[in-house]
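Single-structure report; data block below.
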Amino acid sequence: MDGPLSGIRVLEVATLFAGPLAATLLADFGAEVVKLEHPGGDPVRGHGAQRDGVGLWWKMLGRNKKSVTLYLGAPEGQEIFRRMVADADVVIENFRPGTLERWGLGYPELREINPGLVLARVTGFGQVGPYARRPGFGTLAEAMSGFAAVTGEPDGPPTLPPFGLADGIAAQATAFAVLTALRARDRDGHGQQIDLAIIEPILTLLGPQLIAYDQLGELQPRMGNRSSNNAPRNVYRTADGGWVAVSTSAQSVAERVMRLVGRPEFIDEPWFASGAERARHADELDAAVGAWIADRPTDEVVRAFEKAEAAIAPVYTAADVLTDPQYRALGTIAEVPDAELGTLRMQNVLFRLSETPGRIRWAGPPLGAHTAEVLGEYGVDAAGLAALRDAGVVA
């Protein structure tokens, strides 16, 4: 057994981020993930930084997967896909709604082939509704969820994250949905279809905004790095040009911070006993904390906060993450050998299991590296593979 999900076969026919990352999470814990790519390859292979023409994002996103090229728009590709579905447990796809149906590969047809199949459909807006057929990306979810509206400085524009936040959240939700459906299959004996819209999981993580508007008519404003729930809470510049983040979600921590920075008189103010009231006095508290931090170098500030048992963290770049002793102790960064690029460092598996841990077996493989091996399991011999290649069905 190579991981707790060993024996689960996943066919990934998704591109870019949310669907593929969900499959990566499953593969990290032992699922056999066969990534079926268009002969031109998943566009993520060309996204972001490259070394020697090899996409680095792909090396992380494609890890632990077998790369098979197969064009599902061709009848030959569809026929092979049907054969593969027969012994698959999960299919993850992100085509625009109606595409699989147009190819004769909708869930009713796939369920006839394999009643136990779990089909996870990951799209921007879901399978139904007036927006269902719109092109959908994580950026649109970050906008429509309300995330962008509350992110940024009070006098600035709504702000989008500089990375795939909504896609990443949707990926984790998809992996959870797949495991939930597989558990239900164990109990009930049949598979089901998962409809996951990328606009929804990020909405859940935004907390009480919807219910606060529903019940009180209140909309959360943009507050920069501050919080409406507590203060001081911000990032502060240190004497040597670094930045640190401070949080005082607990009352006891807020009191420790004010004693540390030499302003214990704030603690005796009636408003200091409530996080929400402290937030209304953020200007005063930020001035006190910011002035103390600005006089000291980063290391001294962090040591002082730690000694006072107050919550603080330096603002890191990727370079800092790679050298941090806490990340090293957790094993957060994995070193992965790769035939194309040598040893790579990347994020390790998402969590640690004491008895059945996940692991990274290989980084994202070259396009079509496993086409002959996998299609050979479904009756495609060398001559058949050559014919498919000539027809543009595989690469």
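Ordered from highest to lowest accessible area with the whole protein assembly present and a 1.4 Å probe, TYR213, TYR131 read as TYR213, TYR131. On full extension, the segment bounded by ALA276 and ALA245 gains 9.3 nm, given 0.36 nm per residue less the C-alpha separation. Note on exposure: TYR236, TYR71 ranked by accessible area (1.4 Å probe, complete protein assembly) read TYR71, TYR236, with the most exposed listed first.
Among TRP271, TRP57, TRP362, the sequence by solvent-accessible area, most first, with a 1.4 Å probe is TRP57, TRP362, TRP271. Charge tally around GLU300: other residues with Cβ under 12 Å, Lys/Arg +1 each, Asp/Glu -1 each, net -1. Rounded to the nearest 20 debye, the dipole magnitude of the stretch 233-315 is 160 debye, with +1 charges on Lys and Arg beta carbons, -1 on Asp and Glu beta carbons, and the Cα centre as origin. Distance between the 7 Å Cα→Cβ label points at ASP381 and SER228: 6.9 nm.
Per-residue ellipticity at 222 nm computed for the chain from its helices equals -10500 deg cm²/dmol, with DSSP H segments shorter than 4 residues left out and the rest contributing -39,500 (n - 2.57).
Rounded, prolate or oblate: which fits the stretch 233-315 when a ≥ b ≥ c are the square roots of the eigenvalues of the alpha-carbon gyration tensor, with rounded for a/c under 1.5 and prolate only if a/b beats b/c? Prolate, since a/c reaches 1.5 and a/b exceeds b/c.
Keeping the other protein chains in place, figure out the carbon and sulfur percent of the accessible area of the stretch 230-287, with a 1.4 Å probe. Accessible surface attributable to carbon and sulfur in the stretch 230-287 totals 48 percent.
Kirkwood radius for the chain, taken over all pairs of different Cα atoms as the inverse mean of 1/r, rounds to 23.9 Å. Think of the chain as having a plus end and a minus end, set by charges on the Cβ of Lys, Arg, Asp and Glu; of THR298, PRO366, TRP57, PRO366 sits farthest toward the positive end of this dipole. Working from label points 7 Å from Cα in the Cα-to-Cβ sense, the SER354 to ILE333 distance is 2.9 nm.
Rolling a 1.4 angstrom probe over the protein heavy atoms with all chains in place gives the stretch 233-315 an accessible area of 52 Å² per residue.
The values are calculated or read from the model by the stated rules, or taken from the named source; none is laboratory data. These figures come from a predicted structure and were not determined experimentally. Because the Cβ atoms are built from the backbone with ideal geometry, glycine has one as well, and the counts that use them run over all protein chains shown. Side chains included, ligands, DNA and RNA excluded: accessible areas come from the protein's heavy atoms. Shrake-Rupley method; radii C 1.70, N 1.55, O 1.52, S 1.80 Å.
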